[in-house]
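Below you'll find the structure, written out as structure tokens, and then a few comments.
The values are calculated or read from the model by the stated rules, or taken from the named source; none is laboratory data. Values in this document were obtained by computation on a predicted structure and should not be read as measured data. Cβ coordinates were reconstructed from backbone atoms using ideal geometry, including for glycine residues, and neighbour counts include every protein chain displayed.
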Amino acid sequence: MTPSAEYNFYVDPEAARIVLHSGIPITMVGWDMCIEYSLMYNEDFNKIADINTKGSEFFLAINSFVKNANKDVHKVDGSTHPDTLLVAIAADEKLMTSSSYYYVDIETKGELTRGENIVDLHNITGKEPNVQVCEAVDREKFKTALIDVLKTIN
């Protein structure tokens, strides 16, 4: 949405802050994880096309647009799948191969940084960690999980 915030945090940073400070277990999967681990390239599209189910057809139809938009906006040659990656990790946390707990907060008032999530990597604030932050994903297991789901949608 902005150079410092993704859409949901930008449009309602106060709600994001409430959730982060609610005390419920939270795992954050950042955009950096999506760019690194959820990108689907031409060869992935070809494998998904070979499935030939309603699920794979829907995936290809929707994500062809995303793939083209990503070339222009994000300068990447593939389709990104942030929601899919997040749901896959929620279903099977073992897809995360690395994560750490950090104190995370949201900027609610910044003129240039509204909605930015602040991850205290070095515990400078001294505050109790409140979020598990995903730091690496098994890309092959993620792709396999996605393909397995698409195979079941007939």
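Here are some notes:
- The set of residues in region 58-84 that are crowded, with 19+ Cβ neighbours inside 10 Å and farther than 15 Å from TYR41 by Cα contains only THR84.
- Residue check, ASN8 over 22 Å from ASP120 (Cα atoms) and in a helix (DSSP H, G or I): no
- Flag if ILE89 is more than 25 Å from HIS21 (Cβ to Cβ), modelled with pLDDT of 95 or more, out of contact with any Asp or Glu (no Cβ under 7 Å at 6 or more places or on another chain) and among the hydrophobic types (A, V, I, L, M, F, W, C): no
- Out of ILE48, ILE106, sole residue that is of a type in the set (A, V, I, L, M, F, W, C) and farther than 13 Å from LEU146 by Cα: ILE106
- Criterion violated by ASP105 - all others in (1) within 30 Å of GLY23 (Cβ to Cβ); (2) surrounded by 13 or more Cβ atoms within 10 Å (Cβ to Cβ); (3) without any contact (Cβ under 8 Å) to a residue 12 or more places away in the chain satisfied: (3)
- Residue list for region 46-57, filter: buried (at least 18 other Cβ atoms within 10 Å of the Cβ) and without any contact (Cβ under 8 Å) to a residue 40 or more places away in the chain: none
- Residues that are in contact with a Leu (Cβ under 7 Å, 6 or more places away or on another chain) and aliphatic (A, V, I, L, M) within region 24-42 comprise ILE26, VAL29, MET33, listed in sequence order.
- Number of positions in region 126-143 that are exposed (fewer than 11 other Cβ atoms within 10 Å of the Cβ) and over 12 Å from TYR37 (Cα atoms): 2
- Listed by first and then second residue, the pairs linking a residue in region 62-86 that is more than 23 Å from GLU135 (Cβ to Cβ) to a residue that is exposed (fewer than 15 other Cβ atoms within 10 Å of the Cβ) and acidic (Asp, Glu), with Cβ atoms under 7 Å apart and 6 or more places separating them unless they lie on different chains, are LYS71/ASP77.
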